[in-house]
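Here the structure comes first, spelled out in structure tokens, and everything after it is commentary.
The values are calculated or read from the model by the stated rules, or taken from the named source; none is laboratory data. No experiment lies behind these values; they were computed from the predicted model shown. Reconstructed Cβ throughout: ideal geometry from the backbone, glycine too, with neighbour counts over all protein chains shown.
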Amino acid sequence: MTVACALALTLGMTSCGSVGLVGAVYTGYTEPAAVTSNELGSKVGQASAISVLGVAAAGDAGINKAAKLAGITKVSHVDKKVVSVLGLFTKVTYTVYGE
């Protein structure tokens, strides 16, 4: 019974950092998050946030933060990257493209 409880807890925690695709041991994917009618620019900015043990989370993964870091005023599109290991560590990064 103890092994079953531990497995259920581990699998349950896996979904804490991600709403999209979820792997029980490892999750790693990139997906489109937003798109505009602006042309693809030469600037790229990234902003991230992390979660540890599903207990503590920190960071500013906002599109605005990523755009400001790269000096982007016209966003063309945004990608979202999620990496999670056993749900114990999760990192979400938004990558903003534009001019």
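Being part of a loop (DSSP other than H, G, I, E, B), among the polar types (S, T, N, Q) and either free of Cβ contacts under 8 Å to residues at least 60 places away in the same chain or at positive phi (or both) is the filter here, so list the residues in the stretch 37-69 that pass it. Even if it seems obvious, please write down each step before you answer.
Of the stretch 37-69, the ones part of a loop (DSSP other than H, G, I, E, B) are 37-42, 53-55, 60-62.
From the residues that got through so far, the ones that are among the polar types (S, T, N, Q) too are 37-38, 42.
Listed by number, the residues that qualify are Ser37, Ser42.
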Taking the stretch 55-82 and keeping only residues that are farther than 13 Å from Gly41 by Cβ, touching a strand residue (DSSP E or B) at 6+ places or on another chain (Cβ under 8 Å) and not aliphatic (A, V, I, L, M), one is left with Gly59, Asp60, Gly62, Lys65, Lys68, Asp79, Lys80, Lys81
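Give the residue, chosen from Lys65, Lys74, Lys80, that is surrounded by 12 or more Cβ atoms within 10 Å (Cβ to Cβ), within 11 Å of the chain's Cα centre (by Cα) and modelled with pLDDT of 90 or more.
Working: Lys65 fails: within 11 Å of the chain's Cα centre (by Cα); Lys74 fails: within 11 Å of the chain's Cα centre (by Cα).
Sole residue among the options that is surrounded by 12 or more Cβ atoms within 10 Å (Cβ to Cβ), within 11 Å of the chain's Cα centre (by Cα) and modelled with pLDDT of 90 or more: Lys80.
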State all residues of the stretch 17-32 that are hydroxyl-bearing (Ser, Thr, Tyr), assigned to a strand (DSSP E or B) and within 11 Å of the chain's Cα centre (by Cα); if no residue qualifies, say none. Thr27, Tyr29, Thr30
Val22 is checked against (1) in contact with a helix residue (DSSP H, G or I) (Cβ under 7 Å, 6 or more places away or on another chain); (2) modelled with pLDDT of 90 or more and fails just one. What number does that condition carry? (2)
Could you tell me which residue of the stretch 83-99 is surrounded by the most Cβ atoms within 10 Å (Cβ to Cβ), considering only residues that are in a strand (DSSP E or B) and hydrophobic (A, V, I, L, M, F, W, C)? Val96
Of everything in the stretch 33-62 that's within 14 Å of the chain's Cα centre (by Cα) and of a type in the set (S, T, N, Q), which residue is surrounded by the fewest Cβ atoms within 10 Å (Cβ to Cβ)? Gln46
